[in-house]
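A quick write-up on the structure given underneath.
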Amino acid sequence: MLRDGDYKCERWLGFIDEEEARRLHESQGARPVLLKIFRYSHGDYPSTWHDVPKDQFVQGCLVGDGVYAVIKKQVKLVNKSAAGE
C-alpha cells in the first residue's frame, strides 16, 4: 500500500525473517511496506492457511526486485492506524 492509500503490485519474493529485513534495510536501503494479503501459508505441509483480518496488513520489506513478507515466528500483522495513517 502506498502512502496515498493506493496499491501497487510488486513481484512476490516470499518470506523473510525480521533480522534479515533489518540487514537489507541497512545494507541495501530496503523499505518497510504494508502488504494487503487476504490469506497466507508459509511452507508447512500440508498447507495450513491463515486468514488476515480485513483491518490488518502484513508487514513487508520492499527491495529492488520485489517484496517479502516479514516473519517473526509467524507473519507480522499491522493495523492500518499503526502505520501512520
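Since every read-out is calculated from the coordinates, none of them should be taken as a lab result. Model, not experiment: these values are computed from the prediction. Cβ atoms come from the backbone with ideal geometry, glycine included; neighbour counts cover every protein chain shown.
Can you tell me the dipole magnitude for the chain around its Cα centre, using point charges on the Cβ only (Lys, Arg +1; Asp, Glu -1), in Debye to the nearest 20? Mind showing how you got there, number by number?
Details: 13 positive and 13 negative charges, 23 e Å.
Roughly 120 debye for the chain.
Taking amide hydrogens as modeled 1.01 Å from N in the peptide plane, which residues meet the under 5 Å criterion relative to Phe15, leaving out close sequence neighbours?
Distant-sequence amide H within range of Phe15: Ala69.
Tell me whether the chain comes out rounded, prolate or oblate; compute the Cα gyration tensor, take square roots of the eigenvalues as a ≥ b ≥ c, and use a/c under 1.5 as the rounded threshold.
Numbers: a/c = 1.63, a/b = 1.10, b/c = 1.48.
Oblate.
Please list, in order, the residues from segment 14-56 whose amide nitrogen is less than 18 Å from a point placed 7 Å along the Cα→Cβ vector of Met1.
Of the residues in segment 14-56, 31-40, 51-56 have backbone N under 18 Å from the label point off Met1.
Within the chain, count lysine pairs with alpha carbon atoms under 12 angstrom apart where the residues are 8 or more positions apart or belong to different chains. Write out the running numbers ahead of the final one.
Working: Lys8/Lys36; Lys36/Lys54; Lys36/Lys80; Lys54/Lys80.
Counting lysine pairs in the chain gives 4.
Take peptides 46-54, 61-69, 32-40 and line them up by average Cβ neighbours within 10 Å, highest first, as a rough protection proxy.
On the way: 46-54: 9.7, 61-69: 17.6, 32-40: 16.0.
Order by mean packing, descending: 61-69, 32-40, 46-54.
Using the Karplus curve 6.51 cos²θ - 1.76 cosθ + 1.60 with θ = phi - 60°, work out ³J(HN,Hα) for each residue of segment 46-51 in order, rounded to whole Hz, and write x for Gly and Pro.
Rounded to whole hertz, the list is x, 4, 10, 9, 10, 7.
Between Ile37 and residues 5 or more places away or on another chain, which pairs have amide H atoms under 5 Å apart, with H built 1.01 Å from N, and which residues are they?
Counting only residues 5 or more places away or on other chains, the set is Val58.
Report, in deg cm²/dmol and to the nearest 500, the calculated mean residue ellipticity at 222 nm for the chain, where each DSSP H run with n ≥ 4 adds -39500 (n - 2.57) and the sum is divided by the residue count. All intermediate terms of the calculation are to be shown ahead of the outcome.
Details: 1 runs with 11 residues, N = 85.
Per the formula, -4000 deg cm²/dmol.
Just to check I understand the Karplus step: with θ = phi - 60° and J = 6.51 cos²θ - 1.76 cosθ + 1.60, what whole-Hz values come out for segment 8-21, glycine and proline as x?
After applying 6.51 cos²θ - 1.76 cosθ + 1.60, I find 10, 7, 10, 5, 7, 10, x, 10, 9, 7, 4, 5, 5, 4 Hz.
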